[in-house]
Every structure is written in structure tokens, then in C-alpha cells.
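One structure is given below, encoded as C-alpha cells.
The values are calculated or read from the model by the stated rules, or taken from the named source; none is laboratory data. On a predicted model such as this, the values are computed, not experimentally measured, just so you know. Here the Cβ positions follow ideal geometry from the backbone for every residue, glycine too, while neighbour counts run over all protein chains shown. Just so you know, the surface numbers come from the protein's heavy atoms only, side chains and all, with ligands and any DNA or RNA stripped out. Shrake-Rupley method; radii C 1.70, N 1.55, O 1.52, S 1.80 Å.
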Amino acid sequence: MHVVDALSERAAWFRLLTPELQERVRRDTLITAYEAGAIVERKGERATAWIGVLSGLLKVSVGNSDGKIASMTGVPAGGWIGEGSLLKNEERKYDVVALRDSQVARLPAHSFNDLLDQSIAFNRYLLHQLNERVAQFIGKAEYNSLSTPDARVARCLAELFNPLLYPGKGLRLDITQEEIGYLARVSRQRANQALRQLENEGLLLIKYGGVQVLDLDGLKRYGDEYAA
């Protein structure tokens with residue numbers, strides 16, 4: 001995929017830039033292919049670039065000293081992550097792993113900072129993204145502690161259709177039941193049961209290699225009765 005085409009399709013912020021800044025971004029952006037299971041960014045390493053998903057699916061996770069892994073979120077095509085570490089000029093606080101074969105774009109830190117200095121539109125975009133990211137993690141903390149496995153799967157899927165974090169997506173998502181299990185922290189078998197339940201309730205359709213969402217608001221609200 002050509003860099004300009006990739007950014008135009010998978011970076012909503014790219015279209016907000018002046019032609020001069022677009023050219024600088026095009027020149028500086030590096031695109032790398034990763035196989036499923038590959039580490040894209042490692043916890044503890046200095047953040048040197050803003051990370052964008054052009055195709056595939058990434059998982060952001062943290063581990064503890066006991067070797068247990070907690071999945072924080074999934075990032076589908078169109079998502080950009082890691083701006084917090086760049087803004088604070090610090091080490092990554094998490095691992096980023098490719099759940100499936102993925103193409104990843106890296107905008108170097110110096111180019112990212114140039115956009116902050118020269119584009120008001122980019123700053124507005126980033127402010128909205130940071131605000132939405134905070135809301136996402138607050139919501140995730142709430143439903144992870146209070147929800148049933150069915151609700152965790154429903155909310156996990158709803159996250160991946162966030163129009164501010166992952167713009168331009170339709171209501172079909174290419175994702176396997178194993179990948180859903182990783183992100184929702186349930187087994188593949190339990191993810192399958194949850195998807196069947198959500199399908200029976202008319203919220204989605206299970207498709208070969210993915211899901212078709214029928215009621216996004218219903219997925220977002222699923223399990224609220226258990227948290228009341």
C-alpha cells in the first residue's frame with residue numbers, strides 16, 4: 001500500500017493537515033509488516049514514534065511479575081496509539097502485540113512534535129482522542145470488575161467500533177473468536193458462547209472470520225443491569 005493512500009484511508013487526522021505538513025508526514029512515516037504474535041512495541045522501551053494500524057489488529061497489554069497478562073484494549077485498522085508516551089517523553093507502559101498479520105505505520109517523535117507545534121487542527125484531533133481514550137479505560141475498568149463474561153465480550157466488541165478512536169469503520173469487523181477471547185479475557189469457548197447469546201438477542205450476526213454488528217448501542221449498554 002502506498003504511504004499517501006494508506007494515510008488517507010487509515011489516518012483521519014492526515015486529512016486535517018496542510019499540503020506541506022502532509023508531505024512531511026508522508027516522507028517521515030515508516031510502514032512495517034508484522035506477523036501474528038510479533039511484538040510491535042515493548043514495555044519499558046523509550047517511545048520514539050506514534051503508532052498507527054493500517055491493517056490487521058493489535059493488542060495493548062500489561063504483565064506483572066507473576067507472568068500474568070492483562071489485555072487493556074484492541075486496536076483495529078484506523079487506530080493510532082501511543083501519543084501519551086510521546087507527549088511525556090517516557091518509556092512505554094505496555095506491550096503492543098499483533099494479534100493477526102498487521103501493517104503498522106510509525107510517525108517519528110520529531111514529526112509528531114512538529115504537528116503539535118504547527119497544526120491547530122491536529123491538536124484538536126489529539127485532544128478529542130485523549131479524552132475518548134480516558135473514557136474508554138474508565139468504562140473498561142468498571143465493566144471488567146462488575147460484568148458477566150457475556151457483557152465483557154459485548155463491551156469489548158463495542159470498543160472496537162468507537163468512531164472517534166477508529167473512524168471510518170463499517171459495522172462488520174474481521175476478528176476471530178480466539179482474538180475476541182484474548183481481548184475480553186475469556187476462553188475461546190466462552191467467547192463462542194457469548195457470541196451465540198448476543199446473536200440470539202439480535203445484537204450481532206456471527207460471520208465467517210468476523211462479526212456483523214446489528215445494534216451497537218445495545219452492545220455498549222449490555223450488562224448495565226449487573227452494574228446497577
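I want to confirm something. Restricting to region 136-161 and keeping residues that are small (G, A, S) and at pLDDT below 85, which single residue is most open to solvent (accessible area, probe 1.4 Å)?
Restricting to residues being small (G, A, S) and at pLDDT below 85, the top hit is S145.
Residues that are among the aliphatic types (A, V, I, L, M) and without any contact (Cβ under 8 Å) to a residue 12 or more places away in the chain: find the helices (runs of 4 or more DSSP H) completely inside region 114-228 holding 3 or more of those.
Once the helices (runs of 4 or more DSSP H) in region 114-228 are filtered for at least 3 residues that are among the aliphatic types (A, V, I, L, M) and without any contact (Cβ under 8 Å) to a residue 12 or more places away in the chain, what remains is 120-146.
Considering each residue of region 102-120, count those that are of a type in the set (A, V, I, L, M, F, W, C) and touching a Ser or Thr at 6+ places or on another chain (Cβ under 9 Å), and give that number.
4
Considering only region 160-182, state which residues are in contact with a Gly (Cβ under 7 Å, 6 or more places away or on another chain) and among the charged types (D, E, K, R).
Passing the criteria: K169, R172, D174.
Does T148 satisfy the condition of being touching a Cys at 6+ places or on another chain (Cβ under 9 Å) and either within 21 Å of A184 (Cβ to Cβ) or among the charged types (D, E, K, R) (or both)?
Taking the combined requirement at face value, the residue does not satisfy it.
Within region 100-114, identify whether any single residue is modelled with pLDDT under 95 and farther than 28 Å from L30 by Cβ, and answer yes or no.
no
When you look at A158, is it more than 13 Å from the chain's Cα centre (by Cα) and not assigned by the TED database to the domain that holds S85, yes or no?
no
Just one of L205, L164, L127 is touching a strand residue (DSSP E or B) at 6+ places or on another chain (Cβ under 9 Å) and either open to solvent by 60 Å² or more (accessible area, probe 1.4 Å) or among the charged types (D, E, K, R) (or both); which is it?
Step by step, each of L205, L164, L127 is checked, and only L205 is touching a strand residue (DSSP E or B) at 6+ places or on another chain (Cβ under 9 Å) and either open to solvent by 60 Å² or more (accessible area, probe 1.4 Å) or among the charged types (D, E, K, R) (or both).
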